[in-house]
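The values are calculated or read from the model by the stated rules, or taken from the named source; none is laboratory data. These figures come from a predicted structure and were not determined experimentally. Reconstructed Cβ throughout: ideal geometry from the backbone, glycine too, with neighbour counts over all protein chains shown. When the accessible area is computed, the model is the full protein with side chains, heavy atoms only, and any ligands, DNA or RNA have been set aside. Shrake-Rupley method; radii C 1.70, N 1.55, O 1.52, S 1.80 Å.
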Amino acid sequence: DAHDRVLDVNTVAEKWLGMTRDQIIGKDPIEIFGKWPDLYNRFLTTEKTREEVKIYGDPPSTLEVVITPLYNNEKINGRVVLAYDITKRKQLELDLKAKIIEIDSLRVQLQDQAIRDSLTGVFNRRFLAEALEREIAKANREDMPISIVMMDVDHFKSFNDTYGHKCSHAVLRDLAGFLTKNSRHGDIVCRYGGEEFV
């Protein structure tokens, strides 16, 4: 009411507070909510508010508190206080945010895997097809030439048969690293297939 006394409570409040209606009615809110100052301070507002308030208990909880002041001829006559326990919803929101971050991370990994050669780490043939189309269109627009260099490792099959896949993979990785390190920022290095690079 206007004198900051509790006039009424519902059964949910009784259960949450662990007090009966008779123990709550007529009391100053500080006697009931004093151990939660963040919550109690909201009760004293003279403006309509909707806020989330953390209650540090065991276990901690989050309330959505809606306060509606009641006026009579511009003089405050009391307040209606609604508090909703949104702890589970907040936890679900946090879980959902974590899942979205995880999904975004996986999406980036999948995109990267879709355009990168898994052995050498350079772009793959699929990316080359998309990039080539884009680069040719750009060269036409800007009336500039475009250069494409295709290379392969001579006698690679013989090397592979003699030294095995492990050594062959090391050669391909080293060659990809060499090409990446020695190409310009705007250049695109791709493994076209087998021992062929573009």
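Summed over region 118-150, the residues that are open to solvent by 70 Å² or more (accessible area, probe 1.4 Å), assigned to a helix (DSSP H, G or I), touching a strand residue (DSSP E or B) at 6+ places or on another chain (Cβ under 8 Å) and not basic (K, R) give a count of 0.
Taking region 1-114 and the strands (runs of 3 or more DSSP E) fully enclosed by it, the elements with 1 or more residues that are exposed (fewer than 10 other Cβ atoms within 10 Å of the Cβ) are at 61-72, 75-85. Scanning region 151-176 for residues that are open to solvent by less than 100 Å² (accessible area, probe 1.4 Å) and in contact (Cβ under 8 Å) with a residue 12 or more places away in the chain turns up M151, D152, V153, F156, F159, S168, H169, V171, L172, L175, A176. Among residues of region 151-198 being in a loop (DSSP other than H, G, I, E, B) and among the small types (G, A, S), the one that is nearest to L132 (Cα to Cα) is G186. Residues of region 115-152 that are among the charged types (D, E, K, R) and over 38 Å from the mean Cα position of the chain (by Cα): R141, E142, D143, D152.
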